[in-house]
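A short reminder: the numbers here are calculations on the coordinates, not readings from a lab. All figures in this text were calculated on a predicted structure; none of them were measured in a lab. Here the Cβ positions follow ideal geometry from the backbone for every residue, glycine too, while neighbour counts run over all protein chains shown.
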Amino acid sequence: MKEIKDKIYDILDEDVTLRALTGWTLVDTRIYLEWPPEPIPLTVLLPAYLTLDFMDPAPMDMTTYVQPVQYPDEVVEINVWTNGDLLRDAIAERINVLFWQKKDTEIWTDNIRIMHVIQESQEDIQDIHEGTGQIIYWRKYIRLRMEEVYKL
């Protein structure tokens, strides 16, 4: 759902801490829906970027379904790409704070209210250069589920 995609993007884009960690600029926000159109450089000034991928909603749990005011759950996969493992972990920790470490986290848009955000998985990944065997990127994969999505 576009409204949820826009809200998740805005939460990440407007966070001052994430901006500082990724090297955010007016020209390059360092956050990309799906995959960027071209290879993204990781430098000292631009040390990280995020990619967001929204999955098809899961089937609704009919035992808790509130017809007709409830939408299916939404799932977002966030990949954090960095030039160092400590930065990767710092960005992932900030994303966790923004979305699910707070006990009463709710996300509101003009037309939708998301009651719960659950972290389904998180994994550290190192992308290795085939020729040299050295790490090219440090990456963290985070999968979040937006549950109990209601129309306002």
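When you restrict to C-alpha pairs under 8 Å that are six or more residues apart and normalise by the size of the range 11-152, the relative contact order lands at 23 percent.
With all pairs of different C-alpha atoms in the average, the Kirkwood value for the hydrodynamic radius of the chain is 16.4 Å. Under a Gaussian network description of the chain, with springs only between Cα atoms under 10 Å, the residue in G23, G133, G84 that fluctuates furthest is G133.
Antiparallel beta bridges, as assigned by DSSP with both residues in the range 2-151, represent about 90 percent of the total such bridges. Averaged over residues, the count of other Cβ atoms within 10 Å places the peptides 43-55, 70-82 in the sequence 70-82, 43-55, highest first. Between helix 85-99 and the chain there is an angle of about 20 degrees, using the helix long axis and the longest principal axis of the Cα atoms.
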